[in-house]
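In what follows, a structure is listed as structure tokens, so that the remarks can point back to it.
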Amino acid sequence: MHEPSGFDREYFLQTRKEIDTEKRERDHLLNFAVVILGALAFAVVQSEKAQQFLQEPYSLMLEISTLIILTSLFWVRRKKLQQISDRWYTLYHMALRNTGAEWMSQSMEAVVIRGFAKARYIRKDLALNVALSLPIYTLVFVSSRGLPFHSGLSAIAGALIVTGHLAVSWVLLAKRLKDPFPVEIETKDGRSTGCT
């Protein structure tokens, strides 16, 4: 184990602060998504006209737009998570260089890195995106019944919208986070260590 330099210590602390800032910003985005859904639910509950509007086929545009907005917020959360991931990997490799693999295997950095490798944080956001979209899916099926098609085709149209949203969500949000240092790093004691 080597004593980190003053620069390393300052860099480590600054990076941890940046991680905390990014995490708070991610939480704000989730709160914003909940507010959007809450406002929509409040409008539906408080107004008969809103309830009637949501049964009309042209309300599908509002519902699709809401799905796009929600998924966009989760995509921005995904980008924030990528920045957080890059910082955690940086800290991990920096500490690994100073302390060695054995000590680092039991560090908080190692725990977080393993979470990234298992897509733990990715699955959470994907599940939240789908869960928050469920009320909109219901409205999509209610609205699609008013389409000027046979009832079977109307149900298929609703299913296509929901399936399309699920597919887009998967493509945008399910991609695993990768180590931005995909090469071996040599520690101070001369050993090479592969990146996780």
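Any residue at all in segment 162-175 that's farther than 27 Å from THR15 by Cβ, among the hydrophobic types (A, V, I, L, M, F, W, C) and either in contact with a Ser or Thr (Cβ under 7 Å, 6 or more places away or on another chain) or not in a helix (DSSP H, G or I) (or both)? Break it down into steps so the answer makes sense when it comes.
Of segment 162-175, the ones farther than 27 Å from THR15 by Cβ are 162-171.
Filter again for among the hydrophobic types (A, V, I, L, M, F, W, C), leaving 162, 166-168, 170-171.
From what is left, the residues that are either in contact with a Ser or Thr (Cβ under 7 Å, 6 or more places away or on another chain) or not in a helix (DSSP H, G or I) (or both) are 168.
Looking for residues that are farther than 27 Å from THR15 by Cβ, among the hydrophobic types (A, V, I, L, M, F, W, C) and either in contact with a Ser or Thr (Cβ under 7 Å, 6 or more places away or on another chain) or not in a helix (DSSP H, G or I) (or both), one finds at least one in segment 162-175, hence yes.
Kindly indicate the residue of segment 124-148 that is without any contact (Cβ under 8 Å) to a residue 40 or more places away in the chain and of a type outside the set (Val, Ile, Thr) and also surrounded by the fewest Cβ atoms within 10 Å (Cβ to Cβ) among those meeting that condition.
Quick first cut of segment 124-148, residues without any contact (Cβ under 8 Å) to a residue 40 or more places away in the chain only: 124, 127, 130-131, 134, 137-138, 141.
Of the ones still in play, those that are also of a type outside the set (Val, Ile, Thr) are 124, 127, 131, 134, 137, 141.
On the way: LYS124: 13, ALA127: 11, ALA131: 9, LEU134: 11, TYR137: 18, PHE141: 16.
Looking at residues that are without any contact (Cβ under 8 Å) to a residue 40 or more places away in the chain and of a type outside the set (Val, Ile, Thr), I get ALA131.
Just the residues that are at pLDDT 85 or above and farther than 24 Å from GLU102 by Cβ, please, taken from segment 1-18.
Hits for segment 1-18 are GLU10, GLN14, LYS17, GLU18.
Within the group LYS17, LYS23, LYS79, which residue is under 19 Å from PHE181 (Cα atoms) and in a helix (DSSP H, G or I)?
Values: LYS17 fails: under 19 Å from PHE181 (Cα atoms); LYS23 fails: under 19 Å from PHE181 (Cα atoms).
Testing whether each residue is under 19 Å from PHE181 (Cα atoms) and in a helix (DSSP H, G or I) leaves just LYS79.
Of the conditions (1) surrounded by 13 or more Cβ atoms within 10 Å (Cβ to Cβ); (2) over 30 Å from ASP8 (Cα atoms); (3) out of contact with any helix residue (DSSP H, G or I) (no Cβ under 7 Å at 6 or more places or on another chain), GLU48 clears all except one; give me its number.
Failing condition for GLU48: (1).
Restricting segment 85-119 to residues that are touching a residue at least 24 places away in the same chain (Cβ under 8 Å) and not in a helix (DSSP H, G or I), which is surrounded by the fewest Cβ atoms within 10 Å (Cβ to Cβ)?
ALA119
Name every residue in segment 43-61 that is assigned to a loop (DSSP other than H, G, I, E, B) and either free of Cβ contacts under 8 Å to residues at least 60 places away in the same chain or farther than 20 Å from LEU147 by Cα (or both), in order of residue number. Quick ask: steps written out before the conclusion?
To start, the set of residues in segment 43-61 that are assigned to a loop (DSSP other than H, G, I, E, B) comprises 47, 54-56.
Across segment 43-61, the qualifying residue is only SER47.
Looking only at segment 126-149, count how many residues are touching a helix residue (DSSP H, G or I) at 6+ places or on another chain (Cβ under 9 Å) and either modelled with pLDDT of 85 or more or among the hydroxyl-bearing types (Ser, Thr, Tyr) (or both). Talk me through it step by step, then tell me what you get.
Taking segment 126-149 and keeping what is touching a helix residue (DSSP H, G or I) at 6+ places or on another chain (Cβ under 9 Å), we get 126, 128-130, 132-133, 135-137, 139-149.
Narrowing further to those that are either modelled with pLDDT of 85 or more or among the hydroxyl-bearing types (Ser, Thr, Tyr) (or both): 126, 128-130, 132-133, 135-137, 139-144.
So the answer is 15.
Quick test of your reading of the structure: PHE74 fulfils all but one of (1) within 30 Å of ALA110 (Cβ to Cβ); (2) free of Cβ contacts under 8 Å to residues at least 60 places away in the same chain; (3) of a type in the set (A, V, I, L, M, F, W, C). Name the failing condition by number.
(2)
The values are calculated or read from the model by the stated rules, or taken from the named source; none is laboratory data. Remember, it's a predicted structure, so these values are computed and weren't measured experimentally. Note that we place each Cβ from the backbone using ideal geometry, even for glycine, and neighbour counts take in every protein chain shown.
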